[in-house]
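Everything below concerns the one structure shown next.
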Amino acid sequence: MGGFCSPEEEAIVEDKLGRRIDYLRISVTDRCNLRCLYCMPAEGVPSISHGEILSYEEIIHFVHVGAQLGIRRLRLTGGEPLVRGGLTDLIRGLKAIPGIEELSLTSNGTLLAAQAGKLKAAGLDRINISLDTLDKEKYAAITRCDCLGDAWAGIQAALEAGLAPVKINTVALRGINGDELADIAALTLKYPLHVRFIEVMPLGDDVDWACRHLLPLTEVKTRVETVGKLVPATVTGSGPAQVYRFAGGLGTVGFIAALSHNFCQHCNRLRLTADGKLKPCLASDLEVDVKGPLRSGADEEELQALYRRALALKPSRHRLEQYQEHQRLMNQIGG
Ligand code: SAM
Ligand code: SF4
């Protein structure tokens, strides 16, 4: 493999708007053990066959090339990444790539309790765990799986394993968890957890459902402020979140308003889907095939050209608020 550009050098991966792309989100599977209302239909979606999914070796090879272009931070996602076997091998391989500085994971946490220590030992730096409610019945209704206890055990295991910071992703849903948002934010008073409230995006199989349940984050913030005054704060990898803390809080509270406050001008990421497509934007159907070239023996220069092609396709901003239909559901993009 050739040399990689050091952080001091200008990243080659900069798009036409000057956005420096140093972050790659990698979906390792489209499969999931849950069926969240805003993400997947109850019956699931047809799974991609094993052979259609990028192997860990292919992912590592492609990231190696990305690191030469300035990719520095990686996030593994899905589907549910913990349903794919041997994830520690992938983590070890990715962390060994020169230039890769940070590796994080997004998970629903339900399979995490048994794996957190091994993931940390393999090189995982930090984790985001999705949790939309503290109520057992409501959790079962939202995820279509009665497993709040497992998710909570996963959160505890992540804290014990030192996967710091442990972030909690909470999708705010009008009429579903709106009455609980203050309680979820209050977790940061008791635990070193970093809660991030996210507006529901029309990327599931039922766009009308998402529109009906959208709770703008200005409203979420008002509800959260009933716990106490929020003061500006920072947390590692806060990206597009506005971050605060309560006085005496052990963790922070963040707000990610993808719909009501567009932050595309600061977008620093590309996405690699489990079936080997490089996506310049979560909300766009544009994608560049990576699997074909990888499997037909493309050389380093040809693989670099795929990153550049994806960058050239990166839209200046998303049009999520126009609620158009998309080819892929969230579990297939890697949220
Ligand atoms: N299965 C893992 C999980 O749930 O954390 C990782 C994949 S999931 C697609 C990644 C994140 O996307 C989760 O935090 C989930 O809540 C969020 N998500 C999924 N569908 C969404 C939607 N329609 N709007 C907003 N966030 C969504
Ligand atoms: Fe699965 Fe995550 Fe989608 Fe829920 S949000 S169905 S846990 S991929």
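Coordinate-derived values only; no laboratory data. No experiment lies behind these values; they were computed from the predicted model shown. Glycine gets a Cβ as well: all are built from the backbone with ideal geometry, and neighbour counts include every protein chain shown.
Restricting everything to alpha-carbon atoms, can you work out Rg to Rh for the chain with a Kirkwood hydrodynamic radius?
0.94
How much length is gained on full extension from E302 to T222, taking 0.36 nm per residue of separation minus their Cα-Cα distance?
Taking 0.36 nm per residue and subtracting the Cα distance, the gain is 23.8 nm.
Convert each backbone phi in region 107-112 into a coupling constant with the Karplus relation 6.51 cos²θ - 1.76 cosθ + 1.60 (shift: θ = phi - 60°), then list the ³J(HN,Hα) values in order as whole Hz, x for Gly and Pro.
9, 7, x, 5, 10, 7
Would you calculate a helix-derived [θ] at 222 nm for the chain, using -39,500 (n - 2.57) for each DSSP H run of n ≥ 4 and dividing by the full residue count, to the nearest 500?
Only helices count here, giving -8500 deg cm²/dmol.
Give the Kirkwood hydrodynamic radius (Å, one decimal) of region 121-191, defined as one over the mean of 1/r across all pairs of different Cα atoms.
13.0
In debye to the nearest 20, how big a dipole does the chain give about its Cα centre with +1 on each Lys and Arg Cβ and -1 on each Asp and Glu Cβ?
For the chain, the charge dipole is close to 580 debye.
Ranking request for peptides 133-141, 104-112: highest mean number of other beta-carbon atoms within 10 Å first, then the rest in descending order.
In descending order of packing, they fall as 104-112, 133-141.
Please list the non-local residues whose amide H lies under 5 Å from the amide H of Y244, H modeled 1.01 Å from N, same-chain partners needing a gap of 5 or more.
For Y244, whose amide H was placed from the backbone, the distant partners under 5 Å are A233, V253, G254.
Of I155, T226, L203, which is farthest along the charge dipole of the chain in the positive direction, counting Lys and Arg as +1 and Asp and Glu as -1 at C-beta?
T226
Hey, can you grab everything whose amide H is under 5 Å from the amide H of S130? Only 5+ residues off in sequence or another chain; H modelled, so Pro and N-termini drop out.
S107, N108, G109, N169
Can you list the residues, at least 5 places off or on another chain, whose amide H is less than 5 Å from the amide H of L76, using H built in the peptide plane?
I26, S104, L105, T106
Residue by residue, what Karplus-based ³J(HN,Hα) values in Hz, rounded to whole numbers, does region 126-139 have, using 6.51, -1.76 and 1.60 with θ = phi - 60° and x for Gly and Pro?
8, 8, 10, 10, 8, 8, 9, 7, 9, 9, 4, 5, 5, 4
Return the sequence-ordered ³J(HN,Hα) values of region 217-223 in whole Hz as given by the Karplus equation 6.51 cos²θ - 1.76 cosθ + 1.60 applied to θ = phi - 60°, using x for Gly and Pro.
Here the 3J(HN,Hα) series is 5, 4, 5, 4, 4, 4, 5 Hz.
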